[in-house]
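Before any comments, here is the structure.
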Number of protein chains: 2
Amino acid sequence: MFLSNLMPVKKAQKLIDSSLKNVGVEKISLEDAHRRVLAENITSELYSPPFERSAMDGYAILAEDTFGSSETNPSKLKIIDTIGAGQVSSKLVKHGEAVRIATGAPIPEGANSVVMEEYTDSKGINLEVEMSLTPGENISPMGEDLKKGDVILGNRKILRPQDLALIASAGYNSVNVYKKPKIAVITTGNELVMPRPSLSGAEIINSNHYTFKAMVESAMAIPTVVHCVDSHKLVENEFEKLIETHDALISTGGTAISKGDVVVDVTENIGKVLVHGVALRPGKPFGFGIIHEKPVFMLSGYPVAAIVQADVFVRDSLYKMQEIENEPQIIRKTASRKIPSSLGRTDYIRAKTELNMVRPLKIKGSGIIRSMVESNAYIIIEENVEGIGEGEECNVLSYDSLTV
Amino acid sequence: MFLSNLMPVKKAQKLIDSSLKNVGVEKISLEDAHRRVLAENITSELYSPPFERSAMDGYAILAEDTFGSSETNPSKLKIIDTIGAGQVSSKLVKHGEAVRIATGAPIPEGANSVVMEEYTDSKGINLEVEMSLTPGENISPMGEDLKKGDVILGNRKILRPQDLALIASAGYNSVNVYKKPKIAVITTGNELVMPRPSLSGAEIINSNHYTFKAMVESAMAIPTVVHCVDSHKLVENEFEKLIETHDALISTGGTAISKGDVVVDVTENIGKVLVHGVALRPGKPFGFGIIHEKPVFMLSGYPVAAIVQADVFVRDSLYKMQEIENEPQIIRKTASRKIPSSLGRTDYIRAKTELNMVRPLKIKGSGIIRSMVESNAYIIIEENVEGIGEGEECNVLSYDSLTV
């Protein structure tokens, strides 16, 4: 297999992207909406606060009664009522009168300001106000946070704690959000076994089981993980069964380019293979297809190749299936040493960032998981670039920026 | 209440920090360990790969048999066996012999290199090799990823997909992690009601219910949220009950500084109040106490004040209770306009970052949730700084950097 037969990364990304749509909308309780993706524009049903309210513990009065007052020359008022939190006064405040009021309580009719308790002195129903207030002082106007009809949050917003608070204040206890895609992960390979403290024969631990369950979770989707041996019939049965109940499949293994390989053959047989082999290193043996109108991502069995393929092709697809907009944050750093590359191939080089520098790791094997653990970013060398010189700036994508 | 009676923010943070410890360790399945915090150093039980393996589909041979070979002058070998994935050959490869081998399969004894299928031509048991190989070519050495006894991951690591893969490869299907703290959130206030499309009297929607359930989730802890009216007896009962089954309490409301207020009084009564009133704006009426040796965070009832208090005092505490190390990422940006502040008080100003600039929001009320929704960062003005001039650099903490 030669480079010229491999599909350029950007072409494969576009082709995959054009095959995807979101998996629908569901109404959920606002309780459960943290980090979900809003599937509507939210318009406030309410004013918030719903009335003029006191910003302080103190007395609701007419500001005019205090003009010129001071500690040495207090104005004298009569207390006619008390309003606690959650209460409303039926009294009308007239000149010379005051209503004791708690923070957050509705301002009684007639009053136009609140004097803080600290600036008063009271005995029984007699109140002395030791400062001069201006009308409106210590009153939060009705609707200062929200007005009925305000559009407060837009479609596709990922909901944070404060967003939930605003939606609640707008009068809603439920919201429409995009469904989380249900993703079946099928690891293939006769040699794979679950973790155990000793191995025999050709056994290899199935690390991809853990990687891709967690990768799907990190993309805010819902994983189911199964294993299947390298049998065309068994893989086909598994694919047919899982595609019915899931929104997409991700497989690992069985994607070799040099020959017919089991996973790619199965997809060709019951669906259509759109991509097989990409100009990406590591990660060349990547496949993408459609079975029963659902996307199938076929990753290499090699752990690092599979992770790179997932970061390049799968992660953004899972975001798109739930309308999450995550633009990869490419930053520029200085390469600590020369990095060779070939024209026509995109390289994702495991690297470690250090301040303004980036150091490519020396470990290169596409099976060496430790290299993904010890690195924190990819250096990306695009297909039209022949390599990076020592001290040259290059494109860096930190692993952290891949998640939303 | 005057500034001089309020505790400086850093002093309160230190006092709280010294009252906290982690809530213990639990052993969980590696399946469930994504984003959990490792509570041990992991030492590999295994070599990975556990044997010398083929990096390619091809033929395991002796490199010496191919020296000087080329397309026009191939070397001729006999195929004596075939090893598929998951299989082991019992054959010894001698000069003039070859074993067909799948990627990942163990190299048979005697062979010292693998020729890729693409550089061979086979008919029956006759194989032609059309290139010259060097010993070791296309062979991944045993233990190239992990060696038995290697310490692969350390205590307090937050586990990513690739970390789980490495732990699996090291032979483990379970790990020790720090327990997630169970946090009871108690919203107080007679006026509070759950969201509804119309309100009457003094009713206010309980937005804090949603904010703090989600805030606890965003700090990777487990929330229970209840509401309680402003009754000393009922709040005390609720606190006593919840502190038994949770690792910490967070309350909202009832923290006024100017008078005895219900939540602070209850904590003083059944425990000990260590902080009441901090030199923070917004967020002055914050309390911290200990009940039955467990921390109690008493937040303002005002939504924005409460969020700031949580970001300044609670979030890092919840991290510490599960041994998560998250250093807040203070960045420097240019202020778009003058920002006044007072000596002796720390200001957290809602702001919006735009490239190298930061623009403080004009909305200031500590009840205006919209200001937390429309901003994306705090400008922090430390207590020893009297304000920021237009065009001056200032300290900025983005909301995104608060979560791990």
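The values are calculated or read from the model by the stated rules, or taken from the named source; none is laboratory data. These figures come from a predicted structure and were not determined experimentally. Note that we place each Cβ from the backbone using ideal geometry, even for glycine, and neighbour counts take in every protein chain shown.
A few notes on this one:
- If you go through region B:189-242 and pick out every residue that is of a type in the set (Ser, Thr, Tyr) and surrounded by fewer than 24 Cβ atoms within 10 Å (Cβ to Cβ), you end up with 5.
- Applying the criterion of being within 14 Å of chain B (Cβ to nearest Cβ), among the polar types (S, T, N, Q) and surrounded by 22 or more Cβ atoms within 10 Å (Cβ to Cβ) to the residues of region A:45-82, the residue that is farthest from residue A:138 (Cα to Cα) is A:48.
- In the set B:300, B:336, B:342, only one residue is among the hydroxyl-bearing types (Ser, Thr, Tyr) and surrounded by 18 or more Cβ atoms within 10 Å (Cβ to Cβ); that residue is B:300.
- Qualifying residue in region A:351-359 (condition: buried (at least 18 other Cβ atoms within 10 Å of the Cβ) and either assigned to a loop (DSSP other than H, G, I, E, B) or out of contact with any Lys or Arg (no Cβ under 7 Å at 6 or more places or on another chain) (or both)): no
- Looking across B:169, B:90, B:113, one residue alone is free of Cβ contacts under 8 Å to residues at least 60 places away in the same chain and touching a helix residue (DSSP H, G or I) at 6+ places or on another chain (Cβ under 8 Å). It is B:113.
- Taken over region A:127-155, the criterion of being part of a loop (DSSP other than H, G, I, E, B), aliphatic (A, V, I, L, M) and surrounded by 19 or more Cβ atoms within 10 Å (Cβ to Cβ) is satisfied by A:133 alone.
- Filter result for residue B:363 (modelled with pLDDT under 95 and among the hydrophobic types (A, V, I, L, M, F, W, C)): yes
- Top-ranked residue in region B:108-124 [being part of a strand (DSSP E or B) and charged (D, E, K, R); ranked as nearest to the chain's Cα centre (by Cα)]: B:121
- Residue count, region B:275-326 (criterion: at pLDDT below 95, within 14 Å of chain A (Cβ to nearest Cβ) and within 13 Å of residue B:404 (Cα to Cα)): 1
- Scanning region B:167-188 for residues that are of a type outside the set (Gly, Ala, Ser) and surrounded by fewer than 19 Cβ atoms within 10 Å (Cβ to Cβ) yields B:173, B:176, B:182.
- Being touching a residue at least 60 places away in the same chain (Cβ under 8 Å), on the phi > 0 side of the Ramachandran plot and not in a helix (DSSP H, G or I) is a property that does not hold for residue A:383.
- Residue in region B:100-110 that is closer than 30 Å to residue B:149 by Cβ and away from every other protein chain (no Cβ under 14 Å) present: yes
- Residue match in region A:98-107 (condition: part of a loop (DSSP other than H, G, I, E, B) and in contact with a helix residue (DSSP H, G or I) (Cβ under 8 Å, 6 or more places away or on another chain)): no
- Residues of region B:167-207 classified as more than 7 Å from chain A (Cβ to nearest Cβ) and over 20 Å from residue A:88 (Cβ atoms), total: 16
- Residues (among the hydrophobic types (A, V, I, L, M, F, W, C) and out of contact with any strand residue (DSSP E or B) (no Cβ under 6 Å at 6 or more places or on another chain)) located in region A:345-374: A:355, A:363, A:368, A:369, A:372, A:373
- Enumeration of residues in region A:210-232 that are over 15 Å from the mean Cα position of the chain (by Cα) and either assigned to a loop (DSSP other than H, G, I, E, B) or touching a residue at least 40 places away in the same chain (Cβ under 8 Å) (or both): A:211, A:212, A:223, A:224, A:225, A:226, A:227, A:228, A:229, A:230, A:231
- Residues that are at the interface with another protein chain (Cβ under 8 Å from one of its Cβ atoms) and either in a helix (DSSP H, G or I) or out of contact with any Leu (no Cβ under 7 Å at 6 or more places or on another chain) (or both) within region B:360-375 comprise B:365, B:367, B:368, B:370, B:372, B:373, listed in sequence order.
- Verdict on residue A:157 being closer than 30 Å to residue A:248 by Cα, among the basic types (Lys, Arg) and within 14 Å of chain B (Cβ to nearest Cβ): yes
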